[in-house]
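Remarks on the structure that follows.
The values are calculated or read from the model by the stated rules, or taken from the named source; none is laboratory data. Model, not experiment: these values are computed from the prediction. Neighbour counts are summed over all protein chains in view; Cβ atoms, including those assigned to glycine, are modelled from backbone coordinates with ideal geometry. To get the accessible areas, we keep the full protein, side chains included, count just its heavy atoms, and leave off ligands, DNA and RNA. Shrake-Rupley method; radii C 1.70, N 1.55, O 1.52, S 1.80 Å.
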Amino acid sequence: RALAHAIPVEELIEVIYKGYATRQVSNTNPFNYRYNKSLKPIEYSLEKAKKLLKEAGWRDSDGDHVLDKTINGEKIDFKFKYSYMTNSPTAKEIFLTVKENFKRIGVVSVGNPMEFATFYNKAQKHEFELMSGGWISGSGYSDPDQLWGTENWENQGYNFSGFGDASSDSLIRQININIDEEKHLEAHQAFQKRLYDDQPYIFLLSPQKTLVIHKRFENAAGYMESPSILINTLKLKEEYKRKKIN
């Protein structure tokens with residue numbers, strides 16, 4: 001939570017994404033009706049970050065401007081590798097912004113760029129300290145078990161962070177089996193609250209994209225959920241089939 005307070009998400013949106021992104025505080029797309037709107041974005045506050053770290057026992061005991069803590073009799077600096085993918089055009093920019101802000105609270109993040117295949121392999125094997133990446137999601141339903149079920153940590157699935165316990169697994173089951181819409185929504189929002197409180201991820205933002213499609217196509221709306229445009233599936237409206245389009 002301390003590190004979450006040290007990330008200037010609004011700055012990332014304005015500078016790196018040119019304003020074309022929306023803050024996101026849980027695993028659910030902000031445009032999904034299940035999104036828990038009661039969860040407030042974590043405030044950017046270096047002072048709050050410092051306060052939480054101090055409460056957790058992190059202090060600069062040797063005056064080198066890096067927080068440290070004695071763990072099992074050994075002095076440990078708050079320093080870690082920050083892994084990101086080299087094929088992402090924004091990943092390095094985000095890293096540099098985050099690195100500078102972490103430095104201001106006495107935390108050192110060392111860039112560890114790698115190719116996608118290596119990045120993914122390290123994630124599955126849990127061989128990382130901190131990783132920065134993204135998941136594609138939409139306004140439709142997505143089973144949270146794949147990313148958050150405890151068995152998907154044990155079997156080297158997509159639960160890279162190792163989040164969860166019997167309680168969170170129970171919420172996931174309730175989300176998936178409830179055909180009562182109210183109960184489904186209640187479990188879904190409770191699960192988001194659990195993620196928000198535990199912070200296995202620091203959720204940042206949901207990028208926006210702009211697609212321009214001519215009005216002569218009748219099924220253009222569906223492309224808002226597609227990660228790419230499949231030209232061969234566009235359907236021409238009847239009135240346009242009989243006229244020449246310049």
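Structure data summary
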read-out	value
Computed Rg/Rh of the chain, alpha carbon atoms with Kirkwood Rh	1.04
Heavy-atom accessible surface of the stretch 91-137: percent carbon and sulfur, 1.4 Å	52 percent
Kirkwood Rh and Cα Rg combined as Rg/Rh, the stretch 59-128	1.07
CD proxy at 222 nm, helix term only [per DSSP H run n ≥ 4: -39500 (n - 2.57); per residue of the chain; nearest 500]	-9000 deg cm²/dmol
Cα coordinate range in the stretch 1-98, projected on the principal axes (Å, largest first)	48, 34, 22
Exposure of residue 167 as accessible area (Å², to 10), given a probe of 1.4 Å and all protein chains	70 Å²
Per residue accessible area in Å² of the chain, where ligands, DNA and RNA are left out and the probe is 1.4 Å	62 Å²
Residue 239 paired with residue 198, simple spin-label distance in nm, labels 7 Å along Cα-to-beta-carbon	5.4 nm
Coil-residue trypsin sites (Lys or Arg not before Pro) of the stretch 16-93, DSSP, other Cβ within 10 Å capped at 16	18, 37
At q = 0.18, 0.28 Å⁻¹, base-10 log of I(q)/I(0) for the stretch 135-205 (Debye sum, equal scatterers on each alpha carbon)	-0.71, -1.44
